[in-house]
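The values are calculated or read from the model by the stated rules, or taken from the named source; none is laboratory data. None of these values were measured; they are calculated from a predicted model. Positions of Cβ are generated from backbone atoms using ideal geometry, with glycine treated the same way; all protein chains shown enter the neighbour counts.
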Amino acid sequence: MNALKKGIILLWISIFVIFTSLVFFVIGCNSSYLVTDIFKRISLTFLILAVLLLIYSIFLIIRYRFSRRFKKVKMIIISVIVSIYAIGCSSFLFILYGPNDTFRTWLITTAMATMNHQHYCKWFYSDDTINAVLGQNYVAEGTDSTDPSLITFDKEPVTYSNEYEREILEHDEDDLYKIIRFEVNGCDAYLAAIYDPSKISVGVSKWLGRSGQYIYDMAKEQDAILAINGGGFFDPGYNSNGANPLGITISNGEVITDDAYSSNNGGVIGLTWDNQLVLLRNVNAHDALNRGVRDAVTMGPFLIVNGKTADIKGNGGWGYAARTAIGQRKDGIVLMLVVDSNEFRTKGASMRDLADIMERYGAINAANLDGGTSSAIVEHGKLINDPIDSALRHKTRGIPTIFKVVA
């Protein structure tokens, strides 16, 4: 092998090793979750050796500048591939750790809001970095629970203060509900206004404790003409199947689950026998029943309580994703909101978006429900939004609870 050919091959190898080692070393400097300390040291060693190899290869190329026996086309193709790889590695590190924190904030807030995917950000960022980002993006809910007396069921006069009031209040007298469609951050959104809250209740999976059900199956089996997904859930391990609801679940006055809810956000989201939406903190099922709750799930954060919107910093600490929320206006109309994500699950709604929408349409109480792939709305047994799962498939998943409307 002549010196020029040897020099070029060594140049390609050294560039490949330099940028590969650099990626692992920089990630290791920012988080020990994906790259351990010993692997970081090994990467640094390879990085130093590759730099020395690069210097040597450049020396060979300069010394032997020309050789006809080395094929130029092959040299150009491989050089382009190596250059693309080097640019890709550099861009990857710049996106993760560069001065613009848009991606960093999105990844940390979105991943940390999930039950099973927090490792996606812990691979690349230290606990200090994660806590710093979350410290700039959060929902400060306050400590109040709802005051049911604020829901008066007084009908508004037929004058509309804005276009949103008109959208809600203009409907046929015998309409049970109305669905309003719009977009949030370029993603489809569906707001259902239910005019008779007595028709709303909580439905549960028939396999509760073993598995969730698809929302359209629950809706059909339980004769719901309209349904959205309900509260959060937990399942051990990564093969979550939606079997176990979080916290308290009540259906038609019957306690389904009564577990402690350890999150700092949210609590019980329910409807009373007087058809008022209540948001309750630090209660058990017995307390909820004593307050007149007939149907309830557990989730959060609470977005609006007694007409006061939560203090939301940044994007609220939950990133952007498919979302579901429920709220109630002073006149008793219940609002059910579902926002889709985009095809790559990088867009959707933040907590601030949900609060703004609920406030815009007149909710005086509102709370976030389970989101992501769970976010779904079904009308007459058919899914009308477009959920996307973690494999980027256009499908929803099994869930344990729903809010349903039964005529």
- prompt: Of the residues I377, I384, which is under 26 Å from I256 (Cβ atoms) and touching a strand residue (DSSP E or B) at 6+ places or on another chain (Cβ under 9 Å)?
  reply: I377
message: For the list (1) out of contact with any helix residue (DSSP H, G or I) (no Cβ under 9 Å at 6 or more places or on another chain); (2) closer than 30 Å to D311 by Cβ; (3) at pLDDT below 90, I need the number of the one condition that H117 fails.
response: (1)
message: Which of the numbered conditions does I130 fail, given that it passes all the others? Conditions: (1) surrounded by 14 or more Cβ atoms within 10 Å (Cβ to Cβ); (2) of a type in the set (A, V, I, L, M, F, W, C); (3) over 22 Å from the mean Cα position of the chain (by Cα).
response: (3)
field: Verdict on Y261 being in contact (Cβ under 8 Å) with a residue 12 or more places away in the chain, part of a strand (DSSP E or B) and of a type in the set (F, W, Y)
entry: no
statement: Going through (1) under 15 Å from the mean Cα position of the chain (by Cα); (2) not in a strand (DSSP E or B) one by one, D331 fails only at (1)
- request: Quick one: in the stretch 262-320, of everything that is of a type in the set (D, E, K, R) and over 22 Å from the mean Cα position of the chain (by Cα), which residue is surrounded by the most Cβ atoms within 10 Å (Cβ to Cβ)?
  value: D295
query: Are there any pairs with C-beta distances below 9 angstrom linking a residue in the stretch 387-401 that is among the acidic types (D, E) to a residue that is assigned to a loop (DSSP other than H, G, I, E, B), with the two at least 6 apart or on different chains, and if so which?
result: D389/R345; D389/K395; D389/T396; D389/R397
query: Restricting the search to the stretch 154-170, which residues are of a type outside the set (D, E, K, R) and exposed (fewer than 14 other Cβ atoms within 10 Å of the Cβ)?
result: P157, V158, T159, S161, N162
message: Contact list please: Cβ distance under 6 Å, first residue in the stretch 51-70 and within 16 Å of V82 (Cβ to Cβ), second residue modelled with pLDDT under 75, pairs at least six apart or on different chains.
response: none
